[in-house]
Amino acid sequence: NAEDGQVVALTIGSTPINASATVAGGVWTATVDISALADGNIDITADVSDLAGNPATQATKTLIKETVIPTLAIDNPLMTDNKVNDVEKTAVVISGTSNAGNGQRVALAITDGVTAIKDTVILTGGGVWTHTEDISSLADGNIVIKADVSDLAGNAAIQVPRTLVKDTYLPSIAIGVIEDDDIVNDSEQADVVISGTADTEDNLTVTLRIAGSIIGTPTVTDSVWSYPVNMSPLADGNITITAD
């Protein structure tokens, strides 16, 4: 309650920064750069006297300076291979770590570039976070995940992105006609070429089975695959071949 115009003397920190403010209408305010002070507790004292020279009881306040940027990471890979297929799309597990402090909220933004899903997850003990999201509404292709978090002091971590590839297209596979007529004779049985098509990426593996047993794993090239089989040990009659 010192008179207007009286000067408040401020001392800030153990390696003190001195500042002042002028009383106006019973209040005063000062803006001070404390960049030079170390993180931790910072003591502030304020002194003022009235026009008659009577000093007020010194006012003190302690604030905490915390300027260390928290860490934030998204696990890599996610979903074991950074890919999401048709079966996985409804329960995509996104996880990571941060030292922002237990109870802090990690903000997640998941987008295909057009549609975005936003959610939050709370940091638990050990700085670990995990979240399960249904991304059925997002288009196939690159899915960008961004995570943000701030510590209790309001310091924001450096934003972390991670990219998943969503591919929910169900490929088709077909076995072609074998030996021109689906009949294997004596001269053909030692070298029967089983071939077909698959509308999937190159270098993927086809699993061939005869009577339920795997006989080979040919590779798709330009949507075509083939595999030679010696059928001599097999008995005459119907032979069931499957390709997956």
_For the structure I just gave you, tell me whether GLY141 is among the small types (Gly, Ala, Ser), in the same structural domain as ASN82 (by TED's automatic domain parsing) and over 30 Å from GLY40 (Cα atoms)._
yes
*Would it be correct to say that ALA157 is touching a Pro at 6+ places or on another chain (Cβ under 8 Å), small (Gly, Ala, Ser) and under 30 Å from ARG105 (Cβ atoms)?*
yes
_Count of region 90-137 residues which are under 14 Å from the mean Cα position of the chain (by Cα), polar (S, T, N, Q) and within 16 Å of ALA156 (Cβ to Cβ)_ = 2
*From (1) in contact with a Ser or Thr (Cβ under 9 Å, 6 or more places away or on another chain); (2) within 20 Å of ASP151 (Cα to Cα); (3) touching a residue at least 40 places away in the same chain (Cβ under 8 Å), pick out the condition that doesn't hold for SER35.*
(3)
*Can you pull out the residues in region 1-29 that are under 28 Å from GLY40 (Cα atoms), assigned to a loop (DSSP other than H, G, I, E, B) and either of a type in the set (Ser, Thr, Tyr) or not assigned by TED's automatic domain parsing to the domain that holds ASN54 (or both)?*
SER14, THR15, THR29
*Would you tally the residues in region 207-244 being among the charged types (D, E, K, R) and more than 36 Å from the chain's Cα centre (by Cα)?*
2
*Matching option when the condition is at pLDDT below 95, surrounded by 12 or more Cβ atoms within 10 Å (Cβ to Cβ) and of a type in the set (A, V, I, L, M, F, W, C), among ALA2, ALA56*: ALA2
_Matching residues, region 207-237, being touching a residue at least 12 places away in the same chain (Cβ under 8 Å) and among the acidic types (Asp, Glu)_ = ASP222
_Subset of region 174-221 [under 19 Å from ASP244 (Cα atoms) and of a type in the set (Ser, Thr, Tyr)]_ = SER195, THR197, THR200, THR205, THR207, SER213, THR217, THR219, THR221
*Where in region 169-227 are there strands (runs of 3 or more DSSP E), lying fully within it, with 1 or more residues that are surrounded by fewer than 12 Cβ atoms within 10 Å (Cβ to Cβ) and of a type outside the set (S, T, N, Q)?*
173-175, 213-216
*Among the residues of region 1-43, count how many are closer than 15 Å to ALA59 by Cα and β-branched (Val, Ile, Thr).*
8
*Is there a residue being outside the structural domain of VAL32 (by TED's automatic domain parsing), in contact with a Gly (Cβ under 6 Å, 6 or more places away or on another chain) and assigned to a loop (DSSP other than H, G, I, E, B) anywhere in region 145-159?*
yes
*Taking region 119-140 only, how many residues are outside any loop (DSSP other than H, G, I, E, B) and surrounded by fewer than 12 Cβ atoms within 10 Å (Cβ to Cβ)?*
3
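The values are calculated or read from the model by the stated rules, or taken from the named source; none is laboratory data. Keep in mind the model is a prediction, meaning the values are calculated, not measured. We place every Cβ from the backbone using ideal geometry, glycine too, and count neighbours over all the protein chains shown.
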